[in-house]
Amino acid sequence: MDSVTEIKKLIKIADILEHIPYSRTQIYDFIAAGKFPKPIHLGGRAAFWIEAEVCAWLEAHINAEREAA
């Protein structure tokens with residue numbers, strides 16, 4: 001597969017909360033403020049995030065913290 005047709009891994013909010021020390025409410029507040037990747041809705045109330053986008057967000061925050069120190 002080339003990069004255009006690469007399959008993205010989708011994760012749920014529970015997966016995010018296992019790795020990021022914020023509450024569900026805080027994550028949704030960050031989304032509303034444009035500070036966290038937006039979920040994808042595939043029907044009904046199910047919301048999923050692209051794992052690579054969440055990992056990139058976390059990596060950026062780690063790098064920013066280390067540079068500030």
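The values are calculated or read from the model by the stated rules, or taken from the named source; none is laboratory data. The shown structure was predicted, so the numbers you read here are calculated from the model rather than taken from an experiment. Backbone-built Cβ (ideal geometry, glycine too); neighbour counts: all protein chains shown. SASA here: full protein model, heavy atoms, side chains in, ligands and nucleic acids out. Shrake-Rupley method; radii C 1.70, N 1.55, O 1.52, S 1.80 Å.
Laid out as a table, the results:
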{"read-out": "Options F48, F30; residue that is part of a helix (DSSP H, G or I) and either open to solvent by less than 60 Å² (accessible area, probe 1.4 Å) or in contact with a Gly (Cβ under 6 Å, 6 or more places away or on another chain) (or both)", "value": "F30"}
{"read-out": "Options I11, I7; residue that is among the β-branched types (V, I, T) and open to solvent by less than 100 Å² (accessible area, probe 1.4 Å)", "value": "I11"}
{"read-out": "Cβ-Cβ under 8 Å pairs, at least 6 apart or on other chains, the stretch 53-66 side hydrophobic (A, V, I, L, M, F, W, C), far side open to solvent by 60 Å² or more (accessible area, probe 1.4 Å)", "value": "L58/H19"}
{"read-out": "Filter pass, R66 being outside any loop (DSSP other than H, G, I, E, B), of a type in the set (K, R), at negative phi and loosely packed, with under 10 Cβ neighbours inside 10 Å", "value": "yes"}
{"read-out": "Answer residue from the stretch 33-45, given it is small (G, A, S) and open to solvent by 50 Å² or more (accessible area, probe 1.4 Å) and is farthest from H61 (Cα to Cα) among those", "value": "G44"}
{"read-out": "Answer from H19, H61 - the residue that is open to solvent by 70 Å² or more (accessible area, probe 1.4 Å) and either in contact with a helix residue (DSSP H, G or I) (Cβ under 9 Å, 6 or more places away or on another chain) or of a type in the set (G, A, S) (or both)", "value": "H19"}
